[in-house]
Amino acid sequence: MDNNSLLTIIQDKLTSQFGSDFLSAELVAEYPTFIVKKDSIANVIKFLYDDKELAFQYLTTLAAIHYPDNQGQEFAVMYQLHNLPKNLRIRVKIFFSVNDLAVPSITSIFSGANWMERQEYDFFGIQFIGHPNLKRILNMDDMDYHPMRKEYALEDGTRKDKDDKMFGR
Amino acid sequence: MSNNGTDIIEKEYNTLNLGPTHPATHGIFQNVLKMDGEIIIEAESTVGYIHRAFEKIAERRPYYQITTLTDRMNYCSSPINNMGWHMTVEKLIGVEIPKRVQYMRVIIMELARISDHVICNSVIGVDTGAMTGFLYIFQMRERIYEIYEELCGARLTTNMGRIGGLERDFSPKVWDLLDKFLKDFPPALKEFENLLMRNRIFMDRTIGCGPITAERALNYSFSGPNLRAAGVDYDVRVMNPYSSYEEFDFMIPLGTSGDTYDRFMVRQQEMWESVKIIKQAIEKIKKEPAGIFHADVPDFYLPPKEEVYNNMEALIYHFKIVMGETEIPKGEIYHAVEGGNGELGFYLISDGGRTPYRLHFRRPCFIYYQAFTEMAKGAMLSDAILTMSSMNVIAGELDA
C-alpha cells in the first residue's frame, strides 16, 4: 500500500468515525499526517489501534511542539504510529491553545507512552489527563517552569554580544 | 491460631536505594527498590542525572554543529548516531549521496554496532562473574576505536562524517586496519562465545532472568535487540532501509522468550551478521569509482581548506556554511536508523532558519527502560542487575 492510498483509506475511516473531530489529512514529506481535535486524540489512537485493517499497534514516539506566534493554537503534540506487519507509518497531530493544556493520555493504550508523556509534560507543561504518574522526569522536581517553551532563551538574556540577528535563528 | 488475621504480623519491607552511583549499574541510574529479603516487590526508577537538554541546545545550533550532540547520546556507538543525523539533514535538503559513500557509511555503522554489542555482551558476562571474556574481547573494541581514530581523529565522541558525505576518504591505513580487524575479530568472537554461550553457570544465571513477552515489549515500544529477543523481527535496516541496506544480504537474529540469555544471543548473532555486512560492503566499494567520499553539494559541504585560501567561490561557500547563511528548506522530517539499541529517530521541524525549529530524538533506551520496573518485579536483586545490563541501558541516550 503506498502512502497516497493509505492517506485516503484512513481519511475515509476517520471521517466516518469521528465526523467533525477529524480536521485534515495530508502527506508531509511522504509521511501521512492527520490532524484531529485535541479532546478526541485518545479515541482516535484507540480506533487506529483496534481497527482490524489499520492496526497501528506500535507507538514510535510522541513529541510536543511550541508555536508561540500561532494565536489560539500555541501548542501541538504529534504521535507517530507504526503498523509493524504491514510496515505503515503515520503521524497524528493535535493543536491547542496555551490556555487549555489538558490532553487525554494514551497510557491506557500504550504502556510505552508513560515516560514519553512525562517528558513532554516536563518540558512543555502539557497536562496529560488520565496519566498514572504525571511528574517531571528529566528535570529536577522543584523546577518551576517548562524549559522547552520558546520564551525561555537558551542564551543568557543579559548578554549583548550574542545578538539574535547575527547569531541566533 | 485464629484465622481472623489479627495475629499475622504485617510483613516488613526494606527500602533499598540502588544508585544513583552504584558500581553494578554501569551508569547513573537510581532505582528505589522495595525489598522482601532478596526479592524485589516494587521498583521505581528515577532518571535524568545526566540530562543535558540536547533538544533545547539543538534549537540554537546550526545543523552541522548538532552532530556533536548526537555523539553523546549512545556513546557506545556514536558513529551510528552521527550518520543518522547526517541522513536526516540530507533528507531535508534532498541530497543524493553517492553509492560509494553509502557503503562507507555502512562499514562505519556496522563497526559501531559491533563495538556497542561487544560492550553490552561482555558486561553481561562481568555481571554474572565472568571477567575473562570481557578482558579478551575488549581488545577487539580497541581495534575498532583505532579505526575510528584513523577515520576522524577521535575515539568515543567521534563527530564522524559530514552533511553530504564523509570528511575524508578512507586512508590506506584504514583499509589495512579493517582487513586486519576482519581477520582477527571472528576468532576472538568465537573464543568469547566459547567462554559463555554454553557455559553452565552463565546459562543458569541468564536463562529465564528478566523475561518480557512480545506483547508487552511491543506495548512498551521496545525496539532493537531487546524487541528481537522477544521474538519480533523488527529491524529498521530491513523495514525502512537507508544508506543502501536493501542491497545487503543478512539475517535478523531472533529470540523467543525475551530473557537475558536471548538478549545476549541476539546481540552475539548480530555481530556475526555485521561482519558479513562489512565484507559485502568492501566488495561493493571495489566496484565503485575510487576517490569519491562526498556528494557534490557545495552549499552544505565545506570545500577543502587550500581552496578556501586560493579560490573565491570556495571562500564564499565556506563563509556561507560557517555563518549559517545557506538556504535551508522548510520541512518536517522523520528519519530513523537502527542504532545499537534500536530505532533511533530524528524528528526535525525546519522553518527555514539556520537552526532547527524543533528537534526531537526518539531515544530507544529512554523508551524501553521504563519497562525495567515491570521486568524487575518479583526478581532477585542480582537478577535485576543482570536484566538492566542485558537491556544495554546507556545513560547518555536515556537522558539526552
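Each value in this text was obtained by applying a stated rule to the coordinates, not by laboratory testing. Because the structure is predicted, anything quoted here is derived from the model rather than measured. All Cβ positions, even for glycine, are placed from backbone atoms using ideal geometry, and neighbour counts span all protein chains on display.
The ranking of B:S171, B:S45 by Cβ neighbour count inside 10 Å, starting from the fewest, reads B:S171, B:S45.
Could you give me D for the protein assembly as shown, from Stokes-Einstein at 10 °C and 1.306 mPa s, where the hydrodynamic radius is the Kirkwood radius over C-alpha pairs? Units µm² s⁻¹, please. Please list the in-between numbers first.
Details: Rh = 25.0 Å.
For the chosen part, D equals 63 µm²/s.
If each of B:K286 and B:R168 carries a label point 7 Å out from its Cα toward its Cβ, how far apart are those two points in nm? About 2.6 nm separates the two model spin labels.
Can you show me the helix-derived [θ] at 222 nm for the protein assembly as shown, built from DSSP H runs with n ≥ 4 at -39,500 (n - 2.57) apiece and divided by the number of residues, rounded to the nearest 500. The partial results should precede the final answer.
Details: 21 runs with 237 residues, N = 569.
That comes out to -12500 deg cm²/dmol.
Between B:D299 and A:N87, the modelled labels are 3.0 nm apart [label points 7 Å from Cα along Cα→Cβ].
Between B:M380 and B:N310, residue separation times 0.36 nm minus the direct Cα-Cα distance comes to 18.4 nm.
Excluding residues fewer than 8 places away in the same chain, name every one of the lysines whose C-alpha is closer than 18 Å to that of B:K11. Cross-link targets: B:K34, B:K377. Residues B:W175, B:W272, B:W85 in ascending order of nearby Cβ atoms (within 10 Å, fewest first): B:W175, B:W272, B:W85. Taken as Cα centroids, segment B:28-79 and segment B:260-291 sit 28 Å apart, rounded to the nearest whole angstrom. With the largest listed first and rounded to whole Å, the semi-axes of the equivalent ellipsoid of segment B:46-149 from the Cα gyration tensor are 30, 20, 9. FRET efficiency for the A:D39 to A:N133 pair, using the beta carbon distance and R₀ = 22 Å, is estimated at 0.50. Note on B:D179/B:V238: beta-carbon distance plugged into 1/(1 + (r/R0)^6) with R0 of 22 Å gives a FRET efficiency of 0.20. Normalised by the number of residues in chain B, the average gap of Cα pairs under 8 Å and 6 or more apart makes the relative contact order 26 percent. Taking B:M131, B:M160, B:M87 as the candidate residues, the one with maximal mean-square fluctuation in a Gaussian network model of chain B, Cα springs under 10 Å, is B:M131. Counting only residues at least eight positions apart within a chain, or on another chain, the lysines with an alpha carbon under 18 Å from that of B:K305 are B:K320. In summary, the aspartates and glutamates within cross-link reach of A:K135, defined as a Cα separation below 18 angstrom excluding same-chain residues under 8 places away, comprise A:E117, A:E120, A:D122, A:D144, B:E44, B:D399.
Taking A:S16, A:S40, A:S108 in turn, the Gaussian network model of chain A (Cα-Cα springs below 10 Å) assigns the largest fluctuation to A:S16. Taking square-rooted eigenvalues a ≥ b ≥ c of the alpha carbon gyration tensor, is segment B:261-400 rounded, prolate or oblate, where a/c under 1.5 means rounded and, failing that, a/b exceeding b/c means prolate? It comes out oblate by the Cα gyration axes. Taking other C-beta atoms within 10 Å as the exposure proxy, B:K287, B:K91, A:K38 rank B:K287, B:K91, A:K38 from fewest upward. To test your reading of the geometry: what angle, between 0 and 90 degrees and rounded to tens, separates the Cα axis of helix B:78-93 from the longest principal axis of chain B? With rounding to tens, the tilt is 50 degrees. Shown in residue order for segment B:62-72 are the 3J(HN,Hα) couplings computed by the Karplus curve 6.51 cos²θ - 1.76 cosθ + 1.60 at θ = phi - 60°: x, 4, 6, 8, 7, 3, 5, 6, 5, 3, 8 Hz (x for Gly and Pro). Reducing segment A:27-74 and segment B:159-210 to their Cα centroids gives an inter-centroid distance of 40 Å. When the Gaussian network model of chain B links Cα atoms closer than 10 Å, the mean-square fluctuations of B:D383, B:D249, B:D235 top out at B:D249. Between B:E247 and B:N14, the FRET efficiency from the beta-carbon distance, with R0 = 60 Å, is close to 0.60.
Please report the relative contact order for segment B:251-320, taking Cα pairs under 8 Å with a sequence separation of at least 6, and give it as a percent rounded to a whole number. Don't jump to the answer; show the numbers that get you there.
On the way: 26 pairs, mean separation 12.3, N = 70.
That works out to 18 percent.
Note on segment B:140-227: Rg/Rh from Cα positions, Kirkwood definition for Rh, rounded to two decimals, is 1.14.
Which entries in A:K93/B:K91; A:K86/B:K56; A:K46/B:K91; A:K93/B:K56 show an alpha-carbon gap greater than 27 Å? Kindly include the intermediate steps, with their values, before the conclusion.
Values: A:K93/B:K91 21 Å; A:K86/B:K56 35 Å; A:K46/B:K91 31 Å; A:K93/B:K56 21 Å.
Going by Cα-Cα distance, A:K86/B:K56; A:K46/B:K91 fall outside the 27 Å limit.
The mean number of Cβ atoms from other chains found within 10 Å of a Cβ in peptide A:122-129 is 1, as a whole number.
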